[in-house]
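Presented below is the structure to which this report refers.
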Amino acid sequence: MEKVTKLASERPVVIFSKSSCCMCHTIKTLFYEFGVNPAVYELDEIPRGRELEQALLRLGCSPSVPVVYIGGEFVGGANEVMSLHLNRSLIPMLRRAGALW
């Protein structure tokens, strides 16, 4: 879990993803369309990705991907990100984290 926390704090937006996950693709596209350049960790393509996935599951992430951190804080998965977007909270959150200006 320490590795997840460390990775999550290195950039304003961090996404843990899998390359074959359609919801992961949707969330990444949403951020890219805003002009955000997130750090994306494709758990099925990186060394020790399975260990990171297990740590995310222990943190309560179900399903294990996508998982989004903004400003080093755990936001959640696709449902949480989309809810923030729909209630117009996502853009201000991204600005506060320094991901947008």
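Scanning segment 1-54 for residues that are touching a helix residue (DSSP H, G or I) at 6+ places or on another chain (Cβ under 8 Å) and hydroxyl-bearing (Ser, Thr, Tyr), which turns out least open to solvent (accessible area, probe 1.4 Å)?
Restricting to residues being touching a helix residue (DSSP H, G or I) at 6+ places or on another chain (Cβ under 8 Å) and hydroxyl-bearing (Ser, Thr, Tyr), the top hit is SER17.
Going residue by residue through segment 88-95, is there one that turns out to be modelled with pLDDT under 95 and either on the phi > 0 side of the Ramachandran plot or open to solvent by less than 50 Å² (accessible area, probe 1.4 Å) (or both)? If you could, list the steps in order and put the result at the bottom.
Within segment 88-95, the subset modelled with pLDDT under 95 is none.
The answer is no; no qualifying residue exists.
Could you tell me how many of the residues in segment 55-65 are open to solvent by less than 20 Å² (accessible area, probe 1.4 Å), closer than 14 Å to THR5 by Cβ and either charged (D, E, K, R) or modelled with pLDDT of 90 or more (or both)? I'd like the intermediate steps shown before the answer.
Taking segment 55-65 and keeping what is open to solvent by less than 20 Å² (accessible area, probe 1.4 Å), we get 55-56, 61, 64-65.
Now restrict to residues that are closer than 14 Å to THR5 by Cβ: 55-56, 61.
Keeping just the survivors that are either charged (D, E, K, R) or modelled with pLDDT of 90 or more (or both) gives 55-56.
Adding up the residues that qualify gives 2.
The values are calculated or read from the model by the stated rules, or taken from the named source; none is laboratory data. Remember, predicted model here, so these are calculated numbers, not experimental data. Reconstructed Cβ throughout: ideal geometry from the backbone, glycine too, with neighbour counts over all protein chains shown. With ligands, DNA and RNA removed, areas are computed over all heavy atoms of the protein, side chains included. Shrake-Rupley method; radii C 1.70, N 1.55, O 1.52, S 1.80 Å.
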